[in-house]
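**Q** Before anything else, here's the structure in question.
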Amino acid sequence: MTSPLYEIVYYHGVPGRGEHIRLILEEAGAPYNDLGALGWEKCGEYVNGYLKGHGGNPPYFAMPMLKHGDLIINQTPNILLYLGSRLKLCGSAPDDLYRVNALALTALDGLSTEVHDCHHPIATALYWEDQKEESMRRSKEWVKSRLPQHLDYWERALKSASEGSHSPNPGPWLMGDTFTYADLCLDGTTFAFPKALAQAKESGKYKLLFQHYDAVKARPKIASYLASDKRQKYDWGVYRYYPENDVVAD
């Protein structure tokens, strides 16, 4: 029996949180439809319909959503958990699914949500220009205090994996020699704070992390996707770049 096609339900013209879902499907070589490619009007019809509840599924609060047959689910980590188990990207041991999920949740919280909140520290409904002063202050504090904590953690996690401390076979990925969807979740900071990331790389303290970042981009299917027209440009949405916020640690 043929499995139904995966459908990503997300806004048109913005990678956003939907990009994590695209990456796992691309890595797995799984065919999918991206409703964002339909354009604003047509995409909006699907988005509004699915958000209200559709075909026995509950109404959902926000994008992204994944439609697979009759099932519709939302929340990025929930979708990744579902896809990871089906596409064999959740580790090699039975309980690895939960370990990989924990790693992905940590990455999405720290390198996605926290970064987004630097741009909208007062309210997500306000434009950046309406909270510019607070945003710049938060960005400086985040780069100074939170970013090093996240980088230190991921460097430790990769070192543990490379030594086989938490996986049966040592390797360069977060679960040793087994690539998982958690490995696709570590790039949320690079677009928003390139100067801070360049400074961190030059420090030499996070060699495993930056090697990992380059290795993920070099994986054949990921590299092909990144070079294709399907890869949308990061210019607005969750990962947004403001030169005034692009600060480095003092």
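The values are calculated or read from the model by the stated rules, or taken from the named source; none is laboratory data. Here the structure is a predicted model, which means the values were calculated and not measured. Positions of Cβ are generated from backbone atoms using ideal geometry, with glycine treated the same way; all protein chains shown enter the neighbour counts. Ligands, DNA and RNA are excluded from the accessible area calculation, which covers all protein heavy atoms including side chains. Shrake-Rupley method; radii C 1.70, N 1.55, O 1.52, S 1.80 Å.
**Q** Take the Cα radius of gyration of segment 195-234 and divide it by 2.2 N^0.38 Å, with N its residue count; two decimals is plenty. Display every interim value, and only then the final one.
**A** Numbers: Rg = 12.7 Å, N = 40, 2.2 N^0.38 = 8.9 Å.
Compactness ratio reported: 1.42.
**Q** Shifting gears a bit: Below 8 Å, C-alpha to C-alpha, sequence gap of six or more: please give me the relative contact order for segment 1-118 in percent.
**A** Details: 143 pairs, mean separation 28.8, N = 118.
Here the relative contact order equals 24 percent.
**Q** Could you sort out which of K159/K195; K144/K201; K159/K201; K42/K221 sit more than 19 Å apart by Cα distance in this structure?
**A** Values: K159/K195 25 Å; K144/K201 15 Å; K159/K201 16 Å; K42/K221 29 Å.
Violating the 19 Å Cα-Cα cut-off are K159/K195; K42/K221.
**Q** Hey, could you pull the Cα Rg and Dmax for segment 131-177, both in Å?
**A** 16.0, 49
**Q** Same structure, new question: Hey, got the dipole for segment 71-225? About the Cα centre, +1 on K and R Cβ, -1 on D and E Cβ, debye to the nearest 20? Intermediate values should be presented prior to the final figure.
**A** Numbers: 18 positive and 18 negative charges, 68 e Å.
The dipole of segment 71-225 has a size of about 320 debye.
**Q** For a Förster distance of 30 Å, can you work out the FRET efficiency between the beta-carbons of S3 and E41, rounded to the nearest 0.05? Could the numbers behind the result be given before it?
**A** Details: r = 30 Å, r/R0 = 0.99.
For S3 and E41, the calculated efficiency is 0.50.
**Q** Something else now. Give the span of segment 34-110's Cα atoms along each principal axis, as three whole-Å numbers ordered largest to smallest.
**A** Dimensions of segment 34-110 along the principal axes of its Cα atoms: 42, 28, 21 Å.
**Q** For segment 113-197, run through the GluC sites (Glu not before Pro) and keep only the ones in DSSP coil with at most 12 other Cβ atoms within 10 Å of their Cβ. Spell out each step's value before the answer.
**A** On the way: sites: E114, E129, E133, E134, E141, E155, E163; in loops: E163.
In loop regions of segment 113-197 (DSSP not H, G, I, E or B), the sparsely surrounded GluC sites (Glu not before Pro) are E163.
**Q** Normalised by the residues of the chain, what does the relative contact order come to in percent, with Cα pairs under 8 Å and at least six apart? Mind showing how you got there, number by number?
**A** Details: 352 pairs, mean separation 53.0, N = 250.
About 21 percent, as a whole number.
**Q** How much net charge surrounds G91 when only other residues with a Cβ under 12 Å from its Cβ are counted (Lys, Arg +1; Asp, Glu -1)? Display every interim value, and only then the final one.
**A** Values: positive: K88, R99; negative: D95, D96, D177, D183.
Result for the local shell: -2.
**Q** Run the paramagnetic zone check for K159: 7 angstrom along Cα to Cβ, then residues of segment 181-208 with backbone nitrogen under 14 Å.
**A** Answer for this model: 204-208.
**Q** Where the Cα atoms of segment 147-250 are projected onto their three principal axes, how long is each span, largest first, in whole Å?
**A** For segment 147-250, the Cα extents along the three principal axes come out at 44, 38, 20 Å.
**Q** Write down the Å³ per residue value for the convex hull defined by the alpha carbon atoms of segment 1-78. Each step should come with its number before you reach the end.
**A** Working: hull volume 7.5 nm³, N = 78.
That works out to 96 Å³ per residue.
**Q** Also: Tell me the accessible surface of K132 in square angstrom (1.4 angstrom probe, heavy atoms of protein chains only), to the nearest ten.
**A** Surface open to solvent at K132 totals about 80 Å².
**Q** Under the Kirkwood approximation applied to all pairs of distinct alpha-carbon atoms, what is the hydrodynamic radius of segment 98-217 in Å? If you can, show how the numbers build up before the last one.
**A** Values: mean 1/r = 0.0661 Å⁻¹.
This gives a value of 15.1 Å.
**Q** Expected output is a single nm value to one decimal: the length gained when fully extending between K88 and E141, i.e. 0.36 nm times separation in residues minus the C-alpha distance. What is it?
**A** 15.2 nm
**Q** Using every alpha carbon pair in segment 1-136, what percent of pairs falls into each 5 Å bin from 0 up to the bin containing the largest distance?
**A** For segment 1-136, the pair-distance distribution reads 2, 9, 16, 19, 19, 16, 10, 5, 2, 1, 0, 0.
**Q** Select from G110, G84, G204 the residue whose mean-square fluctuation is largest in a Gaussian network model of the chain (Cα-Cα springs shorter than 10 Å).
**A** Checking each option, the largest mean-square fluctuation is seen for G204.
**Q** Starting from the Cα of Y242, step 7 Å along the direction of its Cβ; do the same at N33; then give the gap between the two resulting points in nm.
**A** Each label point lies 7 Å from its Cα, and together they span 3.8 nm.
**Q** So, one more: For the chain, with all protein chains present and a 1.4 Å probe, just round the carbon and sulfur fraction of the accessible area to a whole percent. Walk me through the numbers before you get to the answer.
**A** On the way: 6780 of 12700 Å².
Summing carbon and sulfur atoms, their accessible area is 53 percent of the total for the chain.
**Q** Per residue, how much accessible surface does segment 13-125 expose to a 1.4 Å probe? Answer in Å², no decimals. Present the calculation step by step, with values, prior to reporting the outcome.
**A** Values: 5080 Å² over 113 residues.
Per-residue value: 45 Å².
**Q** Give the average over all directions of the projected area of the C-alpha convex hull of the chain, one decimal, in nm². Kindly include the intermediate steps, with their values, before the conclusion.
**A** On the way: hull surface 57.7 nm².
For the chain, the mean projected area of the Cα convex hull comes to 14.4 nm².
**Q** Sticking with this structure for a sec: Return the sequence-ordered ³J(HN,Hα) values of segment 159-169 in whole Hz as given by the Karplus equation 6.51 cos²θ - 1.76 cosθ + 1.60 applied to θ = phi - 60°, using x for Gly and Pro.
**A** Running phi through 6.51 cos²θ - 1.76 cosθ + 1.60 with θ = phi - 60° gives 5, 4, 5, 5, 9, x, 6, 10, 9, x, 10 Hz.
**Q** A further question follows. Report the Rg/Rh value for segment 76-158, based on alpha-carbon coordinates and the Kirkwood definition of Rh.
**A** Values: Rg = 16.2 Å, Rh = 14.6 Å.
Dividing the radius of gyration by the Kirkwood radius yields 1.11.
**Q** Same structure again: I'd like the chymotrypsin sites (Phe, Trp or Tyr not before Pro) in segment 109-218 restricted to DSSP loop residues with at most 12 other Cβ atoms within 10 Å, sorted by number. Before the final figure, lay out the partial values.
**A** Details: sites: Y127, W128, W142, Y153, W154, W173, F179, Y181, F191, Y206, F210, Y213; in loops: Y127, F179, F191, Y206.
Answer by residue number: Y127.
**Q** Okay, next question. If contacts are Cα pairs under 8 angstrom and at least 6 residues apart, what is the relative contact order of segment 156-212 in percent?
**A** Details: 53 pairs, mean separation 13.5, N = 57.
Averaging sequence separation for qualifying contacts and normalising by length gives 24 percent for segment 156-212.
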